[in-house]
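Down below is the structure, laid out as structure tokens.
The values are calculated or read from the model by the stated rules, or taken from the named source; none is laboratory data. If you're wondering where the values come from, they're calculated on a predicted model, not measured in any experiment. Cβ placement follows ideal geometry from the backbone for every residue including glycine, while neighbour counts extend to all protein chains displayed.
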Amino acid sequence: MKRLFPIVLVALLLAPVARASERHPTLAELEGEVMCPVCETTLDLSNSPAAQQIKRLIATRIAAGDTKTQIKDRLVAEYGSAILAAPPHKGFGLVAWWLPVAGIVAAAVALGLGAWRWARAREPVPAGPPLDSALERRVDDELRRFEG
Amino acid sequence: MARSARLAAQGLAIGLVVGLLTLLVWRVANGNGKGVAQALADGEHPTAPAFDLSRLDGRGRFDLASLRGKKPIVLDFWASWCVPCIHESRRLEAARKEYGNRVAFIGVDTKDFSGDAREWQKKHGITYPSVHDGSGSVLTKWGGLPIPRIFFVARSGKVVGELIVEEDLPRYLREIAAS
């Protein structure tokens, strides 16, 4: 529970910021989330006429009070979903979001299994049956002779 | 049991890698097709790729295939942010006065806002109908950026040529009007 506390605290602190960003988006943040359709970069990296046209529209819609979702929906209606820098959180777009997570989980499972097997392989081999007394005496004699 | 599970996991991993490689090879080999412009440059005359898009003027949709066998077509890919498109579209508008009854002039407004596109048409006096290809998927099939791109399609539906130099316009117009 103590470990969860910082996570919950950060989430609570960030929630109003995210809500403000949704209700009152800035041109700068949307420029980083929208693609220029002719230069395959985000708008903030492009000064092409097509990018400038979209920047103008975004600025107009922000001034009109549109939310970030409304502005993005309008852009998608005109240009298709490829206009967004990040894939949508629905349909086939979900693959792009969840495939890396699945990959990380699969890699963690594979690593865990490998570590478990490695640890098992290093466990001490159980001792065999005790030597009979004659053989033990002979080994002791040989060792004494070798050391002497 | 452990051995069979390991074999199954290995088989799955190998299958996954082979599948991804196959997908990559297929994608590289096919891509988006070579496009009409490239086919023309290679000396071929492909059939015009069909499209069915909304008209900019809001009067429903336009299906390119509906003109096949009926009328030759001049297809103009443009956008309101494209400065050279103004000159080319005005030339087509002028040519339409001479050929408009024999040839269909169709604009394809691509990667553009439909509202800006309508204003642009009004501002520059472009009256031939246009469709809206916001995502640019139709443009990609015809050769992609840059625009303007102007293609000439014979009555049969075969693409005769693309406008490269100014003189191509009267030459191709005569050719398709006679097709």
Candidate set: segment B:44-70, residues that are assigned to a loop (DSSP other than H, G, I, E, B) and under 14 Å from the mean Cα position of the chain (by Cα); chosen: the one nearest to B:VAL108 (Cα to Cα): B:PHE51
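Among the listed residues A:VAL95, A:VAL76, which satisfies the condition of being of a type outside the set (D, E, K, R) and in contact with a strand residue (DSSP E or B) (Cβ under 8 Å, 6 or more places away or on another chain)? Before the answer, list the steps.
On the way: A:VAL95 fails: in contact with a strand residue (DSSP E or B) (Cβ under 8 Å, 6 or more places away or on another chain).
Every option except A:VAL76 fails the conditions.
Looking only at residues that are polar (S, T, N, Q) and surrounded by 13 or more Cβ atoms within 10 Å (Cβ to Cβ) in segment A:27-47, which one is farthest from the other protein chains (Cβ to nearest Cβ)? I'd like the intermediate steps shown before the answer.
Our first condition is that a residue be polar (S, T, N, Q); within segment A:27-47, this holds for A:41-42, A:46-47.
From the residues that got through so far, the ones that are surrounded by 13 or more Cβ atoms within 10 Å (Cβ to Cβ) too are A:41-42, A:46.
Numbers: A:THR41: 14, A:THR42: 15, A:SER46: 12 Å.
Going through the qualifying residues, I end up with A:THR42.
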Go through segment A:48-77 and count every residue that is away from every other protein chain (no Cβ under 12 Å) and not in a helix (DSSP H, G or I). 4
Go through (1) surrounded by 10 or more Cβ atoms within 10 Å (Cβ to Cβ); (2) under 30 Å from B:ARG3 (Cβ atoms) and name the single condition A:PRO129 misses. (1)
Just the residues that are buried (at least 17 other Cβ atoms within 10 Å of the Cβ) and either over 17 Å from the mean Cα position of the chain (by Cα) or more than 20 Å from B:ARG59 (Cβ to Cβ) (or both), please, taken from segment B:93-113. B:GLU93, B:ALA95, B:ARG96, B:TYR99, B:VAL103, B:LYS111, B:PHE113
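Restricting attention to segment B:71-101, report how many residues are basic (Lys, Arg) and either modelled with pLDDT under 95 or at positive phi (or both). Quick ask: steps written out before the conclusion?
Residues of segment B:71-101 basic (Lys, Arg): B:71, B:90-91, B:96-97.
Those still in the list that are either modelled with pLDDT under 95 or at positive phi (or both) too: B:97.
Residues meeting the conditions: 1.
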Tell me whether segment A:78-99 contains one or more residues that are outside any helix (DSSP H, G or I), out of contact with any Lys or Arg (no Cβ under 7 Å at 6 or more places or on another chain), within 13 Å of another protein chain (Cβ to nearest Cβ) and surrounded by 11 or more Cβ atoms within 10 Å (Cβ to Cβ). yes
Mind listing whichever residues of segment A:37-65 are touching a residue at least 24 places away in the same chain (Cβ under 8 Å) and charged (D, E, K, R)? A:LYS55
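Quickly run through segment B:35-70 and pick out the residues that are at positive phi and either surrounded by 12 or more Cβ atoms within 10 Å (Cβ to Cβ) or hydrophobic (A, V, I, L, M, F, W, C) (or both).
First, the residues of segment B:35-70 that are at positive phi: B:35, B:43, B:58, B:60, B:69.
Residue satisfying the conditions is B:GLY35 alone.
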